[in-house]
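Working notes, beginning with the structure itself.
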Amino acid sequence: MEHWSLPAWLLGVWDRLRSSFWFLPSAMAAGATALSFALVWLDTWLGQESIERLGWLYGFGPEGARAVLSAVAGSMITVAGLTFSMTMLTLQLASQQFGPRLLSSFMSDRGNQLVLGTFTSTFLYCLLVLRTVRGTEDANFVPHLSVTFGVVLAALSLAVLIYFIHHVANSIRIETVLADLSQETRGTIERLFPAQMGQEPERRDGHTPASLLHMLEGDSRAVFVDGSGYVQRLDEAALMRIATEHDLVIGVDSPPGRFVTERIPLLRAAPRARVSEAVEDRLRQAFVLGADRTPMQDLQFSLHRFVEIAQRALSPGINDPTTALYCIDRLEQALCLLAERDMPSPVRADEAGRPRVLVPVNTFEEFACPALAAIARYGMNDADVVRQLLASTKGLETIAPRNARDALRRLAAAIESESGASLKSFDIGVSPHGPTYPYG
């Protein structure tokens, strides 16, 4: 049975909204606007006499209500400005210390968005309730319930301010940054390589990836994009539907993470005669492009962020090898999880067993070796970093798939060969095989 899923472009829009700084505060401001109208209407419907029976409400006159609402609104907009300034400073520090690729994680932080939304919503709520207070000879109306709720929002905003100070200080700690990245990388692995992947349908025509590639190199039509950008999402379900409906074989040339232009094809579809302009448009809509890479379907990008932080830490300007050691630990954690998963087949077959979609699939060594080697190139002169890289590489070798162990073994040998001098210079009292535990 075919499972319905949201279109790729809609998921792309949702990803951009979630990572934007304005979406959640704007939604909270809209909710505060609706709440102000609802509570003022409730004040009017209950009437002055009913409100006076509730002893816990503030019994302000018109001038007192205006003073309270004005004080809350003024203080909230001041605190909101301070919060924006602190957030921008945090983003600047994060960009300098950890790299600009980390900015998207800080901007999508729900805590920061909630804090900004709380302050702006409280300000807007008090401003809208303030306009309903009347204290003239012809009309006298004070929305006591609405004013009381404004005071409650002010108290809540004070608690949120205290939380924000703690959250900002904690969010720029390297331990917190790496823990968040590790959790995000784990989510990417779970999406791309689920623990229960299921069995690939049996192919009844005997086609192999090599034979499908030969077919696509012949009578096929290439689909290009109008513009340029990074492939952020790929809707494989949509490609399978199109291929089944029109009896096509589709080969994906640009998986998530690849940069494409007008001259680089997204995919090729065969046979060429069945790919009309309408079908080509549908195939193009299965890809979501953007200005940057995202971790949703791009595991290499997720792993590269650990590498980038480690490389910055090992640069002469920063010289922080301890941070690089933390990055290697987190990278090893992600690779250990990946080693437990089976890599999917590049051939996607329909329910009838016919091959329909050919998608590039990276092997375990293609994920692990470039990431570890990139850190090694920067940390070759640091004995602690080299020793940690060797321990991680040899540890992964014991749990990696059999066809990846030779590549990891060669990488460990290359690291040992290139860093021999730095290891021997400061290995006094250190066992070459790791820590030993005396007994007795």
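The values are calculated or read from the model by the stated rules, or taken from the named source; none is laboratory data. Because the structure is a prediction, the values reported are computed rather than measured. Every residue, glycine among them, receives a Cβ derived from its backbone with ideal geometry; neighbour counts consider all protein chains shown. The area values use the complete protein model at the heavy-atom level, side chains included, leaving out ligands, DNA and RNA. Shrake-Rupley method; radii C 1.70, N 1.55, O 1.52, S 1.80 Å.
Here the gap between ALA222 and ASN140, fully extended at 0.36 nm per residue and compared with their Cα-Cα distance, gives a gain of 22.3 nm.
Here the range 125-193 has 62 percent of its accessible surface on carbon and sulfur atoms, given a 1.4 Å probe and all protein chains in place.
Qualifying trypsin sites (Lys or Arg not before Pro) in the range 95-199, where qualification requires a DSSP coil assignment and no more than 16 other C-beta atoms within 10 Å, comprise ARG131, ARG173. Here the label points at ARG409 and VAL361, each 7 Å from Cα along the C-beta direction, are separated by 2.5 nm in the simple model.
If you take the alpha carbon atoms of the range 267-420 and fit the smallest convex hull around them, that volume is 150 Å³ per residue. The ALA155 and ARG101 beta-carbon pair, evaluated with R₀ = 51 Å, returns a calculated FRET efficiency of approximately 0.85.
Per residue, how much accessible area does the range 240-318 show when a 1.4 Å probe rolls over the protein heavy atoms, in square angstrom?
Using a 1.4 Å probe on heavy atoms only, each residue of the range 240-318 averages 43 Å².
Which FRET efficiency value, to the nearest 0.05, do you get for MET88 and ASN319 by plugging their Cβ-Cβ distance into 1/(1 + (r/R0)^6) with R0 = 25 Å? Working shown, then result.
Details: r = 27 Å, r/R0 = 1.08.
With R0 = 25 Å, the Cβ-Cβ based efficiency is 0.40.
With the simple model of a label 7 Å out from the Cα in the direction of the Cβ, GLN183 to ILE264 spans 3.3 nm. By the Stokes-Einstein formula, at 0.890 mPa s and 25 °C, the range 217-304 with its Kirkwood radius over alpha-carbon pairs has D equal to 186 µm²/s.
Modelled spin-label separation between ARG16 and PHE37, with each label point placed 7 Å from Cα along the Cα-to-Cβ direction: 2.8 nm. If R0 is taken as 60 Å, the Cβ-Cβ distance between GLN333 and THR44 corresponds to a FRET efficiency of 0.55.
Net charge within 12 Å of GLU397 by Cβ-Cβ distance, Lys/Arg positive one each and Asp/Glu negative one each, not counting GLU397 itself?
Details: positive: LYS394, ARG402, ARG405, ARG409, ARG410; negative: GLU332, GLU365, ASP406.
That works out to +2.
Of all the Cα-Cα pairs you can form in the range 333-409, what percent are over 13 Å apart?
Numbers: 2062 of 2926 pairs.
Distances greater than 13 Å cover 70 percent of the Cα pairs.
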